[in-house]
Amino acid sequence: MQLVVGRIGRAHGIKGEVTVEVRTDEPELRLGPGAVLTTDPASTGPLTIAAGRVHSGRLMLRFEGVSDRTGAEALRNTLLIADVDPEELPEGEDEYYDHQLMDLDVVLADGTEIGRITEISHLASQDLFIVEREDGTEVMIPFVGEIVTEIDLEKQRAVIDPPPGLIDDRAEVASSREDAEVASSREDEDGDA
């Protein structure tokens, strides 16, 4: 099975180094020196990692055969793809690969069906499940423990406990501008008496 593990960003310096947007929870395993990765577009690969380091919180990689800024810039926006055994599991107990989560049914604790996971979006702050509902609309569910309370791979489902307004229109409004204006006008009227 092939998994996208990163996307090449801009060139860094003049010796062929590039920044990489990491899309794996195991960069030390997937993006270490000697790793051979296929690419999208395929014409830029396969690429073999010659060296890697972290600089100012960003992963920097250098690939074999790419020794200058021009070569590094030509790789920009290339997706890095690793071959992974589909039976392989992440090291952590509550960790999952994207392919394990795709197509899981999303349900509430009482069994109410919400939809199924069609995509997983990896953002800097958190991961999001993109869930397609029966009517074809999509809802985004943050993949955090407070909301996604259980992942059951045997039953092929993710159980969620969403806050009001996340999957429906029942949002709770703590305060609004109109309420503040009404309160302000009442104070003005009381002050004029």
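The values are calculated or read from the model by the stated rules, or taken from the named source; none is laboratory data. Everything quoted here is computed from the prediction, not taken from an experiment. Here the Cβ positions follow ideal geometry from the backbone for every residue, glycine too, while neighbour counts run over all protein chains shown.
Restricting 36, 107, 54 to residues that are aliphatic (A, V, I, L, M) and either under 30 Å from residue 152 (Cα atoms) or crowded, with 17+ Cβ neighbours inside 10 Å (or both) narrows the list to 107. Screening segment 1-115 for strands (runs of 3 or more DSSP E) wholly inside it with 3 or more residues that are out of contact with any Lys or Arg (no Cβ under 9 Å at 6 or more places or on another chain) returns the ranges 36-40, 47-55. For segment 147-166, a residue qualifies if it is in a loop (DSSP other than H, G, I, E, B) and either in contact with an Asp or Glu (Cβ under 9 Å, 6 or more places away or on another chain) or among the hydrophobic types (A, V, I, L, M, F, W, C) (or both), and the qualifying residues are 147, 153, 155, 156, 161, 162, 163, 164, 165, 166. Of the set (1) part of a loop (DSSP other than H, G, I, E, B); (2) surrounded by 14 or more Cβ atoms within 10 Å (Cβ to Cβ); (3) of a type in the set (Val, Ile, Thr), all apply to residue 144 but (2). Residues that are under 15 Å from residue 27 (Cα atoms) and of a type in the set (Phe, Trp, Tyr) do occur in segment 84-105, at least one of them.
For residue 67, the criteria (1) polar (S, T, N, Q); (2) surrounded by 14 or more Cβ atoms within 10 Å (Cβ to Cβ); (3) without any contact (Cβ under 8 Å) to a residue 12 or more places away in the chain hold in every case but one, which is (3).
Note on segment 31-65: residues that are of a type in the set (Val, Ile, Thr) and in contact with a Leu (Cβ under 7 Å, 6 or more places away or on another chain) amount to 3. Is there a residue in segment 86-108 that is farther than 30 Å from residue 44 by Cβ, over 21 Å from the mean Cα position of the chain (by Cα) and at pLDDT 85 or above? Looking for residues that are farther than 30 Å from residue 44 by Cβ, over 21 Å from the mean Cα position of the chain (by Cα) and at pLDDT 85 or above, one finds at least one in segment 86-108, hence yes. With respect to residue 26, determine if the residue is of a type in the set (Asp, Glu) and crowded, with 16+ Cβ neighbours inside 10 Å. Considered against the rule, which asks whether it is of a type in the set (Asp, Glu) and crowded, with 16+ Cβ neighbours inside 10 Å, residue 26 comes out as yes.
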